[in-house]
1. List the residues whose amide H sits under 5 Å from the amide H of Trp103, counting only those 5 or more places along or on another chain, with H placed 1.01 Å from N in the peptide plane.
2. Evaluate the relative contact order of the chain (contact order divided by residue number), counting alpha-carbon pairs under 8 angstrom at least 6 apart; express in whole percent.
3. For the pair Ala23 and Tyr104, how long in nm is the line joining their label points, each one 7 Å along Cα→Cβ?
4. What trypsin sites (Lys or Arg not before Pro) in segment 79-117 are in a loop by DSSP, with at most 12 other Cβ atoms within 10 Å of the Cβ?
5. What list of ³J(HN,Hα) couplings, whole Hz, do you get for segment 78-87 from phi and the Karplus terms 6.51, -1.76, 1.60, once you set θ to phi - 60° and write x for glycine and proline?
6. Tell me which aspartates and glutamates have Cα within less than 17 Å of Lys64's Cα, excluding those fewer than 8 residues away on the same chain?
7. So what is the accessible area of the chain per residue, in Å², with the probe set to 1.4 Å?
8. Any idea how far the Cα center of segment 75-123 sits from the one of segment 1-63, in Å?
Amino acid sequence: QVQLVESGGGLVQAGGSLRLSCAASGRTYSDYVAWFRQAPGKEREFVASIAWSGGGTNYSDSVKGRFTISRDSAKNTAALQMNSLKPDDTAIYYCALRYGRIWYGSPERYGYWGPGTQVTVSS
């Protein structure tokens, strides 16, 4: 059984930074780990992903250049460094795992999810 737990969310002013962490336990070796977010009244959207093997990354256009995803395979953790935060980044952020060689940015392609962590960016 895979379990994911996010941490590091909070309240920050626009222009500030936060670092989210995702700790995985159980059958943790997967093909991809990703971060998604969901703002009130909006659909869950892809933020960033990284391949456990090789470390290839993908980012949404809205966060490219501001966010950096990383993973530590030995510790079964992943992180999302968020810089230059904007009020539009306010959302619940979720960590997710995908088992499958082909990369997808759709949340339905990810089978395991953490409970999420709230990020609020004030203007």
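The values are calculated or read from the model by the stated rules, or taken from the named source; none is laboratory data. All values reported here derive from a predicted model rather than from experimental measurement. Glycine gets a Cβ as well: all are built from the backbone with ideal geometry, and neighbour counts include every protein chain shown. To get the accessible areas, we keep the full protein, side chains included, count just its heavy atoms, and leave off ligands, DNA and RNA. Shrake-Rupley method; radii C 1.70, N 1.55, O 1.52, S 1.80 Å.
1. none
2. Numbers: 302 pairs, mean separation 43.7, N = 123.
Computed value for the chain: 36 percent relative contact order.
3. For the pair Ala23/Tyr104, the computed spacing is 3.0 nm.
4. Answer in residue order: Arg101.
5. Values per residue, Gly and Pro as x: 9, 9, 10, 8, 10, 10, 6, 5, 10, x Hz.
6. Partners within reach: Glu45, Asp88, Asp89.
7. 52 Å²
8. About 3 Å separates the Cα centre of segment 75-123 from the one of segment 1-63.
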